[in-house]
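Enquirer: Let me give you the structure first, and then I'll get to my questions.
The values are calculated or read from the model by the stated rules, or taken from the named source; none is laboratory data. What you see is a predicted model; the values in this text were computed from it and never measured. In this analysis, Cβ positions are derived from the backbone assuming ideal geometry, glycine residues included, and neighbour counts consider all displayed protein chains.
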Amino acid sequence: MSDAIETFENFREKVQDNWVWFLVLGIALVIGGIVLIAAPLATSIAVTLLIAAVFFVGGLFQIYHAFKTKGWSGFLWNLITGLIALIGGIVIYVNPLAGTFALTLVIAATFVAQGVTQLLLAFKIRPHEGWFWVAIAGAVSLGAGLMIWMDLPGSAVWVLGLIAGISVLMNGWSYIALALAAKASKSA
């Protein structure tokens, strides 16, 4: 039991020391989510390029975040999620005409990986303030990924802006909630 308390305290200290970074990451993801939700009226190519850019930038932020908080056990999952998003963004940008079907598969895989990562993190940090928002973000991401996968090829038509945007927005909010909770507990 003392190991769990020590791990929790290590996590709390990492978040408190890096609360500004958690906040910046959350804001970046919320902005990305809003952009994705607003994009459904755009052409398929524009949406594809927009998603490629958001995945690329989000992947870079996620990879940086993984190394910024390297001392905690979520490092590998954050790194893998960031690499999937980064590589997916590059592949989509290089060949946007490859089809929305391939893009839909990349999105589904990214959100499933992100959902699993955040659910595992949420249950690991469960006593920490804001853990519930991390769990909600993970459930939304996992649910979005599974919905996309189960409705192929039909989901390729509607999924790009709506589901991706909601998932990214919720993930951003979870980081903002963690950051604000860490700032409040650090100030107290």
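Enquirer: Any idea which residue in segment 6-20 is nearest to LYS124 (Cα to Cα), counting only those that are surrounded by 18 or more Cβ atoms within 10 Å (Cβ to Cβ) and in contact with a His (Cβ under 8 Å, 6 or more places away or on another chain)?
Expert: That would be PHE11.
Enquirer: Could I ask something else about it? Could you please give the count of residues in segment 139-173 that are among the aliphatic types (A, V, I, L, M) and outside any helix (DSSP H, G or I)?
Expert: Total meeting the criteria: 3.
Enquirer: Considering only segment 6-13, I want to know if a residue exists there that is of a type in the set (Lys, Arg) and at pLDDT 85 or above.
Expert: Checked against the condition, which is being of a type in the set (Lys, Arg) and at pLDDT 85 or above, segment 6-13 yields no hits at all.
Enquirer: When both residues are 6+ apart or on different chains and their Cβ atoms are under 9 Å apart, which pairs have a first residue that lies in segment 177-188 and is within 11 Å of TRP133 (Cβ to Cβ), and a second that is of a type in the set (Asp, Glu)?
Expert: ALA177/GLU129; LEU178/GLU129; LEU180/GLU129; ALA181/GLU129
Enquirer: Collect the residues in segment 106-123 that are crowded, with 24+ Cβ neighbours inside 10 Å and either closer than 16 Å to SER155 by Cβ or of a type in the set (D, E, K, R) (or both), keeping them in residue-number order.
Expert: Listed by number, the residues that qualify are ILE107, THR110, PHE111.
Enquirer: Here is a further query. Might you check whether a residue that is buried (at least 19 other Cβ atoms within 10 Å of the Cβ), of a type in the set (Gly, Ala, Ser), at pLDDT below 90 and within 29 Å of LYS183 (Cβ to Cβ) occurs anywhere in segment 127-139?
Expert: Checked segment 127-139: at least one residue is buried (at least 19 other Cβ atoms within 10 Å of the Cβ), of a type in the set (Gly, Ala, Ser), at pLDDT below 90 and within 29 Å of LYS183 (Cβ to Cβ).
Enquirer: Further question: Report, by residue number, each residue of segment 69-82 that is surrounded by 15 or more Cβ atoms within 10 Å (Cβ to Cβ) and out of contact with any helix residue (DSSP H, G or I) (no Cβ under 6 Å at 6 or more places or on another chain).
Expert: Once the filter is applied, which keeps residues that are surrounded by 15 or more Cβ atoms within 10 Å (Cβ to Cβ) and out of contact with any helix residue (DSSP H, G or I) (no Cβ under 6 Å at 6 or more places or on another chain), segment 69-82 yields only ILE80.
Enquirer: What about ALA144, is it crowded, with 23+ Cβ neighbours inside 10 Å, modelled with pLDDT under 90, under 23 Å from LEU25 (Cβ atoms) and among the aliphatic types (A, V, I, L, M)?
Expert: Here the answer is yes, as ALA144 does meet what is asked.
Enquirer: What number goes with the only condition from (1) out of contact with any helix residue (DSSP H, G or I) (no Cβ under 6 Å at 6 or more places or on another chain); (2) modelled with pLDDT of 90 or more that GLN118 does not pass?
Expert: (1)
Enquirer: Name the residues in segment 147-166 that are over 20 Å from GLY32 (Cβ atoms) and surrounded by fewer than 19 Cβ atoms within 10 Å (Cβ to Cβ), would you?
Expert: TRP149, MET150, ASP151, LEU152, PRO153, GLY154, VAL157
Enquirer: Tell me yes or no: at least one residue of segment 113-129 is within 14 Å of LEU36 (Cβ to Cβ) and either of a type in the set (Gly, Ala, Ser) or out of contact with any Leu (no Cβ under 9 Å at 6 or more places or on another chain) (or both).
Expert: no
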